[in-house]
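Scroll down for the structure; my scribbles are underneath it.
All of the numbers you see were taken from the coordinates with simple rules; none came from a lab. Predicted model only: the values in this text are computed from it and were never measured. FYI the Cβ positions are ideal-geometry reconstructions off the backbone, even for glycines, and counts take in every protein chain you see.
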There are 2 protein chains.
Amino acid sequence: MTDGLFIAGDWGTTRLRLVLCGEAGILDRRAGPGIGQSDQPPERTFLSLSAEWRAQHGPLPAYFCGMVGSRMGWREVPYAPCPADPQSLGRGALAFGSEGCQVFLAPGLTCTNPLGAPDVMRGEETQILGALIAHPELAKGRHLLILPGTHSKWVELRDGTIHSFMTVPTGEIFALLRAHSTLARGAPEDAVPSAAGFAQGLARRQRLLPSLFETRTRQLIDGMPAADALGFLSGLLIGSEVESALESYPGFGEARLIGDPALSALYSEALSMHKLVSSELDGGDCAFAGLRSIFRKA
Amino acid sequence: MTDGLFIAGDWGTTRLRLVLCGEAGILDRRAGPGIGQSDQPPERTFLSLSAEWRAQHGPLPAYFCGMVGSRMGWREVPYAPCPADPQSLGRGALAFGSEGCQVFLAPGLTCTNPLGAPDVMRGEETQILGALIAHPELAKGRHLLILPGTHSKWVELRDGTIHSFMTVPTGEIFALLRAHSTLARGAPEDAVPSAAGFAQGLARRQRLLPSLFETRTRQLIDGMPAADALGFLSGLLIGSEVESALESYPGFGEARLIGDPALSALYSEALSMHKLVSSELDGGDCAFAGLRSIFRKA
């Protein structure tokens, strides 16, 4: 076994990103299917993707975060409670062996969100801890983080710990409406939501349900092009998310966005309507830095 | 041809209700597929379902309302504008012949809704006119009517005319989330949304998007049964609809509901949270009375 080497995996529902890490950083990368997207069990996927590394270096410790630790994953790891930091997540991890490798699965996180409801995340907590390492200015005081996506996460940091969070399934609703609803399903598959439509949707953000039907009638009555209608739907949904979530997270003048740059830009536009400044943090390899902080006490 | 006899059809997306009417009322009934649900063209469906009546009485006038007048229907009839009454809808109708029968299709209605958006209905306008005949107390003053369903319609009556309306696609969203979303799709097909869950969902009505995820986490974390989760989703959506729509239709102390009694009872519960009294109007045969008022000047 080579000292200091380890495998790290960010394994969500849509993909597996697997890397070989040394003390200096990422040495090699592999990509694989998301949890539930492959017919073979997660262990087999891991062993085949890491075969070369293991042949070269012998058994290596392997650290994972994400849905790999869910009921549908490799093994289920109970959620750890908030507030959370690298130490508490490390204590909640699950360890077991696989072909001589020690495998560690990070726990997900649970909290009672600001609406008083139970809430959960799996994977984002590790990405956030990684972002904290890259941005030490977030280690003191209260900060608002947003991870937009299928299930957007709104996160409050307090002195470098994850204090609470709230999930808003905006991306899932958009995808469902686009694929299946009478409101928007007519759009060509390659239609890209337009900026002009997005701005019109944002303007309706305080009346989500009654405005959804407008996506259809603007096309039917006003001849709105499909790209504008999709933009309208996107603006309406993201605008509503931001409007609602800020009621639960008031008093912030700034928000940090982690995620796809194009999506983050849309959130910036929605946040600016509430006078919030936003900045984008690079989320690309945050999960691997987060895994290192949880498991290597680096 | 027999004097006074006519055929009337309420032909929407999910079903055709066809009746033979005399001056005294409904004499006979047939049921058929909704627009878009059958492989054969609407004319063939009409001719085969009415064959016996035509054989017995000769060619009869046939009056229709609903999606039969849409682009996907028998022939497209342009929407008539609001405000609307039986006379204006009659002027907007389309007439043509079919195997000796004179066929008349009522126009749908369009308006600029209280949010400033274009809005449309096809079929409900005729049902509303029928309800007005059965409830002459609605012919004077301002009244709020709600027709809950896949696409709920909120309607303001002024002195017996349809002044404006607004569509809220709550039923469609519920069905989509139940069938396809990660939030609720695990429920058994025969699970019935529970009253206890509905009340909990109503309590969240002011935070629709962030509370949607609670449908999932209550099951995952709290072990909420599927029937309660569906009830929660239903209460959240219907509560949000009522909350939003009442902002567009303020100042009413009472609402009249037309539709399925079980669904109307849920709307009554949501309306009561805003101190609105509600009463249910029987909508069963309203469309046929409405067709008579549009076409027979009765």
| task | Please work out the Cα center distance from the range A:100-147 to the range B:254-298, rounded to the nearest Å. | result | 49 Å
| query | Roughly speaking, what % of Cα-Cα pairs in chain B are separated by over 31 Å, rounded to a whole number? | reply | 35 percent
| Nearest 20 debye, what's the magnitude of the dipole of chain B about its Cα centre given +1 on Lys and Arg Cβ and -1 on Asp and Glu Cβ? | 360 debye
| field | For A:CYS82, distant residues with modelled amide H under 5 Å away | value | A:THR110
| request: Give the calculated FRET efficiency between B:MET273 and A:ARG142 to the nearest 0.05, with a Förster radius of 41 Å applied to their Cβ-Cβ distance. | output: 0.75
| Residue by residue through the range B:109-122, which ³J(HN,Hα) values in whole Hz follow from phi under the Karplus form 6.51 cos²θ - 1.76 cosθ + 1.60 (θ = phi - 60°), with glycine and proline marked x? | 10, 10, 7, 8, 6, x, 7, x, 9, x, 9, 9, 8, 9
| said: Taking amide H atoms as placed 1.01 Å from N in the peptide plane, list the residues 5 or more away in sequence, or in a different chain, whose amide H sits under 5 Å from that of A:SER164. | reply: A:GLU156
| request: Let me know the shape class of the range B:1-104, please: from the alpha-carbon gyration tensor, a ≥ b ≥ c as square roots of the eigenvalues, rounded when a/c is under 1.5, otherwise prolate if a/b is greater than b/c, or oblate. | output: oblate
| Helix A:261-272 versus the longest principal axis of chain A: what is the Cα-based angle in degrees, 0 to 90, to the nearest 10? | 50 degrees
| said: For the protein assembly as shown, take N as its residue count and report Rg(C-alpha) divided by 2.2 N^0.38 Å. | reply: 1.15
| request: Rounded to the nearest 10 degrees, what's the angle between the helix A:124-134 long axis and the longest principal axis of chain A, both from Cα atoms, 0 to 90? | output: 80 degrees
| field | Hz values of 3J(HN,Hα) by residue in the range B:19-26 - Karplus curve (6.51, -1.76, 1.60), Gly and Pro given as x | value | 10, 9, 10, x, 4, 7, x, 7
| request: With θ set to phi - 60°, apply the Karplus curve 6.51 cos²θ - 1.76 cosθ + 1.60 along the range A:185-196 and write out the HN-Hα couplings as whole Hz, x wherever there is a Gly or Pro. | output: 6, x, 5, x, 4, 8, 5, 9, x, 8, 5, 5
| field | Globularity index of the range B:51-207, i.e. its alpha-carbon radius of gyration over 2.2 N^0.38 Å | value | 1.30
| In peptide A:242-250, how many Cβ atoms from other protein chains are near each Cβ within 10 Å, on average? | 2
| field | Selected from B:SER38, B:GLY235, B:ALA187, residue furthest toward positive end of dipole (chain B; charges at beta carbon) | value | B:SER38
| Other protein chain Cβ atoms within 10 Å, averaged over every residue that makes up A:179-185 | 3
| message | Placing one identical point scatterer on every Cα of the range A:149-298 and ignoring solvent, what is log10 I(q)/I(0) from the Debye formula at q = 0.11, 0.15, 0.16, 0.19 Å⁻¹? | response | -0.47, -0.80, -0.88, -1.15
| remark: So for the range A:51-94, using the alpha carbon gyration tensor with a ≥ b ≥ c as root eigenvalues (a/c under 1.5 gives rounded; past that, a/b versus b/c decides prolate or oblate), I'd call it oblate
| request: Could you pull out every residue, at least 5 positions away or on a different chain, whose amide H is within less than 5 Å of the one on B:ARG15? Hs are placed 1.01 Å off N in the peptide plane, and Pro or chain starts have none. | output: B:GLY34, B:ILE35
| task | Determine the equivalent ellipsoid of the range A:222-292 by diagonalising the alpha-carbon gyration tensor, then write out the semi-axes as square roots of 5 times the eigenvalues, largest first, rounded to whole Å. | result | 26, 18, 10
| note | Computed over chain B: longest principal axis from alpha-carbon atoms vs helix B:286-295 long axis, angle to nearest 10 degrees, is 40 degrees
| request: Give the peptides B:111-121, B:256-266, A:62-72 in descending order of average Cβ contacts within 10 Å, highest first. | output: A:62-72, B:111-121, B:256-266
| query | Relative contact order, percent, of the range A:189-298 when contacts are C-alpha pairs under 8 Å separated by at least 6 residues? | reply | 25 percent
